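See structure below.
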Amino acid sequence: TRALQRGDVRVAIQALERTAELSADTTRRARCLFQAAELAFQIGWNGLVVNLLQKAETLELSRRDRVRLTWFREAALWSISGAEALKEIADSIKTEDDVDLALDLLSGPATKGWWAEPDEEVCKHIVGAVERVRASSEDDPRFVLIVAMTDPIDRGAFVIERLRRFAANPRDDARTAHLLGLAAIQIGDFDLADRFLSSAITGLRSDGR
């Protein structure tokens, strides 16, 4: 945490790896390895991402962590398997915790790959699965981004309304600003995109990203 606060992502990754090595708790070890892998992905160290995920794979993982492992590995290797991988995530959504994991995965690192040419039916399947379980999802910036990328025309008005609401009450959170900026790009609102992404730059730089 201190390393990230001073923008030293490399040291943060090393600390998380060391924590995983020292911990006897499998769940904690997996959590640390996944967190380190996500940081490594964010700064482009895909070789390290794969190495960290290989360590995690040797652990006895929960269903939830197994989904996370598969998704991160495919994102790092740019080998997203398309519809089947997406449907697996959507079908795993049963509880609020599952929704949180799905939103994290579907709005996180892997967005660079499979949102390029999404399958319409799979997109509807994912959005519907999230909405069925979490009534409050519409106020989540991760959900706004997913809708903007999967259905920017039919649900563009919803995205615009949510973006304007966030702009009127901005959060002091670089990741939120980044997600909203990406959503604004998808619907062609470049003024809002510039506003959100400019806000994100300062926060992300302070975190060494």
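The values are calculated or read from the model by the stated rules, or taken from the named source; none is laboratory data. All values reported here derive from a predicted model rather than from experimental measurement. Every residue, glycine as well, gets a Cβ built from its backbone with ideal geometry; the counts of neighbours run over all protein chains shown. Remember, those area values only see protein heavy atoms, side chains included, never the ligands or the DNA or RNA. Shrake-Rupley method; radii C 1.70, N 1.55, O 1.52, S 1.80 Å.
Quick notes
- Cα gyration tensor, segment 1-80 - rounded (a/c under 1.5), prolate or oblate: oblate
- Computed from phi, the 3J(HN,Hα) profile of segment 17-27 under the Karplus parametrisation 6.51, -1.76, 1.60 (θ = phi - 60°) reads 4, 5, 4, 4, 5, 8, 7, 8, 8, 4, 4 Hz, with x in place of Gly and Pro.
- Karplus-derived HN-Hα couplings along segment 64-71 (A = 6.51, B = -1.76, C = 1.60, θ = phi - 60°), whole Hz, x at Gly and Pro: 4, 6, 5, 4, 4, 4, 4, 5
- Taking the accessible area of segment 135-181, probe 1.4 Å, and keeping the other protein chains in place, the carbon and sulfur fraction comes to 49%.
- For chymotrypsin sites (Phe, Trp or Tyr not before Pro), no site in segment 1-70 is both called loop by DSSP and has at most 10 other Cβ atoms within 10 Å.
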